[in-house]
Amino acid sequence: MRCPYCGGLDTQVKDSRPSDDSSAIRRRRICPDCGGRFTTFERVQLRELIVVKRSGRKVPFDRDKLQRSVETALRKRPVEQERIERLVSGITRRLESTGEAEVSSEAIGEAVMEGLKGLDDVAYVRFASVYKNFREARDFEELLGHLAAGAAQATPPADAVVPVEEAPPSRRPRSRAS
Ligand SMILES: [Zn+2]
């Protein structure tokens with residue numbers, strides 16, 4: 001395994017142990033050339049998945065890339081690393097078990113959005129804004145509106161304002177009595 005710091009190829013494993021959910025083996029490595037320390041994960045890969053991008057280009061599915069984009073969305077959010085691992089593992093397994101050899105990048109994006117929605121609202125909005133390539137503030141407002149609606153459904157505030165259609169101008173005929 002190449003050292004990510006100096007590019008040296010002669011890195012050594014200092015310690016190996018299963019991850020918290022035993023779905024991976026964690027190896028702590030050290031580079032004798034630069035003293036750099038890093039961690040690698042060994043995981044089961046059920047099948048080779050091909051990702052079809054929007055452009056039509058096909059690339060091998062990359063779990064690390066998926067994890068990086070999830071972690072970017074969750075940066076500085078109060079979510080434990082273990083939950084991030086579980087989310088990424090869950091998405092990966094679902095994609096691998098669809099029975100299809102190819103998966104669209106849209107399907108992955110949707111799966112991530114679904115996962116983040118349950119995990120952290122801020123991360124969800126961050127990811128969605130990049131994934132959906134928002135160009136206008138309106139897109140954001142729409143998304144936040146969805147979030148607010150979801151929250152309202154879960155715990156309806158007592159003073160919720162129900163939007164009412166504007167009342168049409170009164171067209172009642174004048175009283176003939178006058
Ligand atoms: Zn090194």
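Brief remarks follow.
- When each of Arg77, Arg94 is tested for being at pLDDT below 90 and of a type outside the set (Gly, Ala, Ser), the lone residue that passes is Arg94.
- Of the strands (runs of 3 or more DSSP E) entirely within segment 9-48, those holding at least 2 residues that are of a type in the set (S, T, N, Q) occupy 12-18, 37-43.
- Of the residues making up segment 57-71, those that are in contact (Cβ under 8 Å) with a residue 24 or more places away in the chain and either assigned to a helix (DSSP H, G or I) or within 16 Å of the ligand (Cβ to nearest atom) (or both) are Arg63, Leu66, Ser69, Val70.
- Qualifying positions in segment 14-41 - more than 14 Å from the ligand (Cβ to nearest atom) and hydrophobic (A, V, I, L, M, F, W, C): Ala24, Ile25, Phe41
- When Lys58, Lys65, Lys76, Lys53 are screened for being at positive phi and of a type in the set (D, E, K, R), only Lys76 passes.
- Of all residues in segment 88-103 being touching a residue at least 40 places away in the same chain (Cβ under 8 Å) and in contact with a helix residue (DSSP H, G or I) (Cβ under 9 Å, 6 or more places away or on another chain), the one that is nearest to Thr72 (Cα to Cα): Ser89
- Sole residue being assigned to a loop (DSSP other than H, G, I, E, B), in the same structural domain as Ala123 (by TED's automatic domain parsing) and surrounded by 15 or more Cβ atoms within 10 Å (Cβ to Cβ), chosen from Arg54, Arg86, Arg77: Arg77
- Summed over segment 21-46, the residues that are under 30 Å from the mean Cα position of the chain (by Cα) and either under 15 Å from Gln67 (Cβ atoms) or surrounded by 14 or more Cβ atoms within 10 Å (Cβ to Cβ) (or both) give a count of 15.
The values are calculated or read from the model by the stated rules, or taken from the named source; none is laboratory data. This is a predicted model, so every value here is computed, not measured. We place every Cβ from the backbone using ideal geometry, glycine too, and count neighbours over all the protein chains shown.
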